[in-house]
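Have a look at the structure below before the remarks.
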Amino acid sequence: MIVSMWMTRSVHTVRPETPIVEAARLMARQRIRRLPVMTPAAGADHLVGIVTSTDLLHAFPSDVNPFAIHSAASDATKTRVGELVRHELVTVRPEEPIEAAAALMLERKVGGLPVVRDGRLVGLITESDVFRAFVSLFAANRAGLRVTFDASKCEHPFAVVAAFAAGHPLEVRSLVLSLQDETPVCVVRVEGSGAQAFVDALWHAGHRVLNVLAVGPPEDAAEAPR
């Protein structure tokens, strides 16, 4: 999965001269927490920074809620977005893996990144988008099992799972490799009547099964393999 598959393409933006009151109201109306700041140059808009809801909160007196759209008190400030904008831009490209974007957010302690191609803003990727992508890896539309096993003895975990699956009436819906306290683990979601036999086969082959969960819609729970 790459950034362009999960980013928001229709991005609300502001200019440096935009009053922060107006920026706060835009965030409140659209239920967003960050706004890229654009300025015209050479006949096109160029990204010069980003302003966040936290930036706006710190710019107003402590007794003023800038996100109350009809707050009269908030109109008192004449501050412009350009006075708050973060010019140290951290961006990603649309073709980058989404895990690279997630790692960059974690490293820089930010909740969202502008997505830029050839110097042009094409989207915005946020922590919520990363969560959606993660959830999609394990989402279950049908009843089945999600099996986590110790892959220390597997030189090629995918080949091991494929070999077991070929001998049982089941489908492999997803497979993810990870590390848990330096131990390689494999998380695989399977569906079909052979799901429990698949788990038994893993045990018999010497692979320590760490967790087995029945997954799927609530109405299918009774049909989930046991």
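The values are calculated or read from the model by the stated rules, or taken from the named source; none is laboratory data. Remember, it's a predicted structure, so these values are computed and weren't measured experimentally. As a convention, Cβ positions derive from the backbone with ideal geometry for all residues, glycine included, and neighbour counts pool all protein chains shown.
Output the strands (runs of 3 or more DSSP E) that fall wholly within the stretch 112-226 and possess 1 or more residues being hydroxyl-bearing (Ser, Thr, Tyr) and over 23 Å from residue 1 (Cα atoms), or say none. Walk me through it before giving the result.
Values: elements: 112-117, 120-126, 144-150, 171-180, 183-191, 209-215.
Strands (runs of 3 or more DSSP E) meeting the threshold: 183-191.
Which residue pairs have Cβ atoms under 7 Å apart, sit 6 or more places apart or on different chains, and have a first residue in the stretch 16-34 that is more than 13 Å from residue 54 (Cα to Cα) and a second that is modelled with pLDDT under 90 and assigned to a helix (DSSP H, G or I)?
21/74; 21/75
Tell me which residues, restricted to the stretch 109-139, are at pLDDT below 90, among the aromatic types (Phe, Trp, Tyr) and either within 15 Å of residue 99 (Cα to Cα) or under 13 Å from the mean Cα position of the chain (by Cα) (or both).
Of everything in the stretch 109-139, just one residue is at pLDDT below 90, among the aromatic types (Phe, Trp, Tyr) and either within 15 Å of residue 99 (Cα to Cα) or under 13 Å from the mean Cα position of the chain (by Cα) (or both), namely 134.
Given the conditions (1) surrounded by fewer than 15 Cβ atoms within 10 Å (Cβ to Cβ); (2) outside any helix (DSSP H, G or I), report the number of the one that residue 99 does not fulfil.
Result: residue 99 fails condition (2) only.
Here are 25, 29: which of them is basic (Lys, Arg), under 20 Å from residue 78 (Cα atoms) and not in a loop (DSSP other than H, G, I, E, B)?
It is 25.
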